[in-house]
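Peer 1: First the structure, then my questions, so here it is.
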Amino acid sequence: MLSVIIATHNSERALVHTLAMLVSASVAGVVRDVVVADAGSSDETGQIADVAGCTLLVSGAPLATRLQEAAGAARSAWLLFLRPGAMLEATWIEEAARFITDAERRGGMEIAAVFRPQPLLGRSIAAQALTLLREAVRRVPDPEQGLIISRTFYESLGRHRLQAGDPEADLLRRIGRSRLARLRSGITPFDSD
(Lines give C-alpha, C1' and ligand atoms only; values in the text may rest on other atoms or scores of the structure.)
Protein backbone atom coordinates (compact mmCIF):
# COMPACT_ATOMS: atom_id res chain seq x y z
CA MET A 1 0.00 0.00 0.00
CA LEU A 2 2.81 2.44 0.93
CA SER A 3 6.42 2.94 -0.11
CA VAL A 4 8.44 4.65 2.61
CA ILE A 5 11.16 7.06 1.50
CA ILE A 6 13.89 8.17 3.89
CA ALA A 7 16.69 10.56 2.90
CA THR A 8 19.82 9.91 4.96
CA HIS A 9 23.35 11.11 5.56
CA ASN A 10 25.37 9.58 8.39
CA SER A 11 22.08 8.57 10.00
CA GLU A 12 22.83 5.06 11.27
CA ARG A 13 21.39 5.47 14.79
CA ALA A 14 18.34 7.40 13.63
CA LEU A 15 17.65 4.99 10.76
CA VAL A 16 17.64 1.96 13.07
CA HIS A 17 14.84 3.54 15.15
CA THR A 18 12.65 4.30 12.14
CA LEU A 19 13.19 0.94 10.44
CA ALA A 20 12.37 -0.90 13.67
CA MET A 21 9.15 1.10 13.96
CA LEU A 22 8.18 0.14 10.39
CA VAL A 23 8.38 -3.63 10.97
CA SER A 24 4.82 -3.94 12.31
CA ALA A 25 3.48 -1.91 9.37
CA SER A 26 5.27 -4.20 6.96
CA VAL A 27 3.85 -7.29 8.67
CA ALA A 28 0.37 -5.70 8.51
CA GLY A 29 0.79 -5.21 4.75
CA VAL A 30 0.67 -1.41 4.93
CA VAL A 31 4.36 -0.87 4.05
CA ARG A 32 5.35 -2.54 0.80
CA ASP A 33 8.95 -1.30 0.53
CA VAL A 34 11.41 1.18 2.00
CA VAL A 35 13.73 3.26 -0.18
CA VAL A 36 16.70 4.91 1.51
CA ALA A 37 18.14 7.83 -0.46
CA ASP A 38 21.59 8.20 1.04
CA ALA A 39 23.97 11.10 0.40
CA GLY A 40 27.11 8.95 0.65
CA SER A 41 27.30 8.29 4.37
CA SER A 42 30.65 7.44 5.96
CA ASP A 43 29.02 5.56 8.85
CA GLU A 44 27.01 2.30 8.77
CA THR A 45 23.83 3.82 7.29
CA GLY A 46 24.14 1.88 4.03
CA GLN A 47 24.80 -1.43 5.78
CA ILE A 48 21.80 -0.95 8.06
CA ALA A 49 19.54 -0.21 5.09
CA ASP A 50 20.90 -3.24 3.24
CA VAL A 51 20.48 -5.65 6.17
CA ALA A 52 16.92 -4.39 6.68
CA GLY A 53 16.06 -5.19 3.06
CA CYS A 54 15.62 -1.59 1.94
CA THR A 55 16.32 -0.37 -1.57
CA LEU A 56 19.46 1.72 -1.11
CA LEU A 57 20.20 4.56 -3.52
CA VAL A 58 23.51 6.33 -2.90
CA SER A 59 24.18 9.67 -4.55
CA GLY A 60 25.97 12.91 -3.81
CA ALA A 61 23.16 14.76 -5.60
CA PRO A 62 21.12 17.45 -3.83
CA LEU A 63 18.31 16.36 -1.51
CA ALA A 64 15.57 17.15 -4.05
CA THR A 65 17.20 14.91 -6.66
CA ARG A 66 17.70 12.07 -4.19
CA LEU A 67 14.04 12.27 -3.10
CA GLN A 68 12.87 12.31 -6.73
CA GLU A 69 15.00 9.26 -7.54
CA ALA A 70 13.75 7.43 -4.45
CA ALA A 71 10.13 8.15 -5.42
CA GLY A 72 10.89 6.80 -8.90
CA ALA A 73 12.28 3.58 -7.39
CA ALA A 74 9.32 3.12 -5.02
CA ARG A 75 6.91 0.32 -5.91
CA SER A 76 3.64 1.62 -4.44
CA ALA A 77 1.07 4.11 -5.65
CA TRP A 78 1.32 5.92 -2.30
CA LEU A 79 4.50 7.41 -0.84
CA LEU A 80 5.38 8.11 2.79
CA PHE A 81 8.28 10.52 3.22
CA LEU A 82 9.89 10.27 6.67
CA ARG A 83 12.97 11.80 8.24
CA PRO A 84 15.50 9.34 9.70
CA GLY A 85 14.69 8.65 13.34
CA ALA A 86 11.02 9.58 13.04
CA MET A 87 8.88 7.53 15.40
CA LEU A 88 5.15 7.17 14.78
CA GLU A 89 2.52 6.18 17.33
CA ALA A 90 1.22 2.63 16.89
CA THR A 91 -2.14 4.00 15.69
CA TRP A 92 -0.55 5.33 12.48
CA ILE A 93 -0.84 2.02 10.63
CA GLU A 94 -4.63 1.83 10.81
CA GLU A 95 -5.08 5.58 10.34
CA ALA A 96 -2.82 5.74 7.26
CA ALA A 97 -4.57 2.74 5.70
CA ARG A 98 -7.96 4.36 6.32
CA PHE A 99 -6.78 7.69 4.86
CA ILE A 100 -5.56 5.99 1.67
CA THR A 101 -8.65 3.81 1.30
CA ASP A 102 -10.95 6.82 1.76
CA ALA A 103 -8.97 8.94 -0.73
CA GLU A 104 -9.07 6.19 -3.35
CA ARG A 105 -12.78 5.52 -2.80
CA ARG A 106 -13.61 9.21 -3.26
CA GLY A 107 -11.34 9.45 -6.28
CA GLY A 108 -9.61 12.31 -4.48
CA MET A 109 -6.01 11.44 -5.21
CA GLU A 110 -5.08 15.12 -4.91
CA ILE A 111 -4.91 15.05 -1.14
CA ALA A 112 -2.00 14.37 1.18
CA ALA A 113 -1.58 13.89 4.93
CA VAL A 114 0.87 14.69 7.69
CA PHE A 115 1.11 13.39 11.24
CA ARG A 116 0.55 15.35 14.45
CA PRO A 117 3.85 16.56 15.93
CA GLN A 118 4.55 14.89 19.25
CA PRO A 119 6.90 16.71 21.63
CA LEU A 120 9.96 14.78 22.73
CA LEU A 121 9.48 13.08 26.06
CA GLY A 122 11.83 14.23 28.76
CA ARG A 123 11.74 17.81 27.55
CA SER A 124 10.43 20.53 29.84
CA ILE A 125 6.73 21.22 29.92
CA ALA A 126 7.48 24.64 28.44
CA ALA A 127 9.32 23.06 25.48
CA GLN A 128 6.48 20.60 24.91
CA ALA A 129 3.91 23.41 25.09
CA LEU A 130 5.96 25.45 22.62
CA THR A 131 5.93 22.53 20.14
CA LEU A 132 2.14 22.28 20.39
CA LEU A 133 1.70 26.06 20.10
CA ARG A 134 3.87 26.18 16.96
CA GLU A 135 1.71 23.49 15.37
CA ALA A 136 -1.47 25.38 16.21
CA VAL A 137 -0.33 28.59 14.48
CA ARG A 138 1.81 27.13 11.70
CA ARG A 139 0.31 27.65 8.26
CA VAL A 140 2.27 24.82 6.68
CA PRO A 141 3.39 21.68 8.53
CA ASP A 142 7.04 20.99 9.20
CA PRO A 143 8.75 18.29 7.07
CA GLU A 144 9.46 16.44 10.35
CA GLN A 145 5.73 15.60 10.40
CA GLY A 146 6.18 13.17 7.51
CA LEU A 147 4.08 13.20 4.36
CA ILE A 148 1.71 10.66 2.81
CA ILE A 149 1.01 11.47 -0.83
CA SER A 150 -0.14 9.56 -3.89
CA ARG A 151 2.44 9.16 -6.61
CA THR A 152 0.10 10.82 -9.13
CA PHE A 153 -0.39 13.88 -6.91
CA TYR A 154 3.37 14.04 -6.23
CA GLU A 155 4.08 13.98 -9.97
CA SER A 156 1.37 16.56 -10.75
CA LEU A 157 2.96 18.94 -8.24
CA GLY A 158 6.30 18.67 -10.01
CA ARG A 159 7.90 16.50 -7.30
CA HIS A 160 10.57 17.98 -5.01
CA ARG A 161 12.03 21.00 -6.76
CA LEU A 162 15.76 21.52 -7.15
CA GLN A 163 15.62 25.30 -6.95
CA ALA A 164 13.89 25.25 -3.56
CA GLY A 165 16.07 26.05 -0.55
CA ASP A 166 14.22 23.39 1.46
CA PRO A 167 12.61 21.03 -1.06
CA GLU A 168 10.52 19.24 1.58
CA ALA A 169 9.02 22.44 3.01
CA ASP A 170 8.50 23.75 -0.52
CA LEU A 171 6.48 20.65 -1.47
CA LEU A 172 4.28 21.06 1.61
CA ARG A 173 3.65 24.72 0.70
CA ARG A 174 2.65 23.75 -2.84
CA ILE A 175 0.23 21.13 -1.55
CA GLY A 176 -1.46 23.82 0.55
CA ARG A 177 -3.64 23.62 3.63
CA SER A 178 -6.86 22.80 1.78
CA ARG A 179 -5.39 19.60 0.32
CA LEU A 180 -3.50 18.50 3.43
CA ALA A 181 -5.14 16.30 6.06
CA ARG A 182 -3.68 16.25 9.55
CA LEU A 183 -3.79 12.77 11.01
CA ARG A 184 -4.31 12.23 14.75
CA SER A 185 -1.38 9.83 15.10
CA GLY A 186 1.66 11.52 16.54
CA ILE A 187 5.18 11.62 15.16
CA THR A 188 8.26 12.23 17.29
CA PRO A 189 11.57 13.36 15.76
CA PHE A 190 14.81 11.58 16.62
CA ASP A 191 16.51 12.79 19.78
CA SER A 192 20.25 12.23 19.45
CA ASP A 193 20.90 12.92 23.14
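Peer 1: Take the residues of region 72-86 that are buried (at least 19 other Cβ atoms within 10 Å of the Cβ) and in contact with a strand residue (DSSP E or B) (Cβ under 6 Å, 6 or more places away or on another chain): which is nearest to Ala49 (Cα to Cα)?
Peer 2: Pro84
Peer 1: Could you please find all residues in region 144-193 being among the polar types (S, T, N, Q) and in a helix (DSSP H, G or I)? Spell out how you get there, then give the answer.
Peer 2: Keep residues of region 144-193 that are among the polar types (S, T, N, Q), which gives 145, 150, 152, 156, 163, 178, 185, 188, 192.
Those that are among the polar types (S, T, N, Q) and in a helix (DSSP H, G or I): Gln145, Thr152, Ser156, Ser178.
Peer 1: From the list Thr91, Thr65, exactly one residue is within 24 Å of Asp191 (Cα to Cα), modelled with pLDDT of 95 or more and out of contact with any helix residue (DSSP H, G or I) (no Cβ under 7 Å at 6 or more places or on another chain). Which is it?
Peer 2: Numbers: Thr65 fails: within 24 Å of Asp191 (Cα to Cα).
On inspection, the qualifying residue turns out to be Thr91.
Peer 1: Could you pull out the residue among Ala129, Ala113, Ala96 that is part of a helix (DSSP H, G or I), among the small types (Gly, Ala, Ser) and modelled with pLDDT of 75 or more? Walk me through it before giving the result.
Peer 2: Numbers: Ala129 fails: modelled with pLDDT of 75 or more; Ala113 fails: part of a helix (DSSP H, G or I).
Checking each option against the conditions leaves just Ala96.
Peer 1: Oh, and also: For region 50-71, enumerate the residues that are assigned to a loop (DSSP other than H, G, I, E, B) and in contact with a strand residue (DSSP E or B) (Cβ under 6 Å, 6 or more places away or on another chain).
Peer 2: Cys54, the sole residue that qualifies.
Peer 1: Identify, please: which residue in region 166-193 is among the hydrophobic types (A, V, I, L, M, F, W, C) and surrounded by 20 or more Cβ atoms within 10 Å (Cβ to Cβ) and is, among those, nearest to Asp142 (Cα to Cα)?
Peer 2: Of region 166-193, the ones among the hydrophobic types (A, V, I, L, M, F, W, C) are 169, 171-172, 175, 180-181, 183, 187, 190.
Then keep just the ones that are surrounded by 20 or more Cβ atoms within 10 Å (Cβ to Cβ); that gives 171-172, 175, 183, 187.
Values: Leu171: 11, Leu172: 8, Ile175: 13, Leu183: 14, Ile187: 11 Å.
Here the residue is Leu172.
Peer 1: Oh, and also: Would you check if Leu63 is crowded, with 20+ Cβ neighbours inside 10 Å, among the aliphatic types (A, V, I, L, M) and either in contact with a Phe, Trp or Tyr (Cβ under 8 Å, 6 or more places away or on another chain) or under 18 Å from Glu144 (Cα atoms) (or both)?
Peer 2: Details: crowded, with 20+ Cβ neighbours inside 10 Å: no; among the aliphatic types (A, V, I, L, M): yes; either in contact with a Phe, Trp or Tyr (Cβ under 8 Å, 6 or more places away or on another chain) or under 18 Å from Glu144 (Cα atoms) (or both): yes.
It is false that Leu63 is crowded, with 20+ Cβ neighbours inside 10 Å, among the aliphatic types (A, V, I, L, M) and either in contact with a Phe, Trp or Tyr (Cβ under 8 Å, 6 or more places away or on another chain) or under 18 Å from Glu144 (Cα atoms) (or both).
Peer 1: I've got another one for you. For region 7-44, enumerate the residues that are of a type in the set (A, V, I, L, M) and part of a loop (DSSP other than H, G, I, E, B). Let's see the steps before the verdict.
Peer 2: The first filter runs over region 7-44 and keeps only residues of a type in the set (A, V, I, L, M), leaving 7, 14-16, 19-23, 25, 27-28, 30-31, 34-37, 39.
Residues satisfying the conditions are Ala28, Val30, Ala39.
Peer 1: Taking the condition touching a Ser or Thr at 6+ places or on another chain (Cβ under 8 Å) and of a type in the set (Val, Ile, Thr), does Val34 pass?
Peer 2: Working: touching a Ser or Thr at 6+ places or on another chain (Cβ under 8 Å): yes; of a type in the set (Val, Ile, Thr): yes.
Yes; evaluated as a whole, the condition is true for this residue.
Peer 1: Being within 13 Å of the chain's Cα centre (by Cα) and under 17 Å from Leu63 (Cα atoms) is the filter here; which residues of region 168-193 pass it?
Peer 2: Listed by number, the residues that qualify are Glu168, Ala169, Leu171, Leu172.
The values are calculated or read from the model by the stated rules, or taken from the named source; none is laboratory data. Fair warning: this is a prediction, and the values are worked out from it, not measured in the lab. Reconstructed Cβ throughout: ideal geometry from the backbone, glycine too, with neighbour counts over all protein chains shown.
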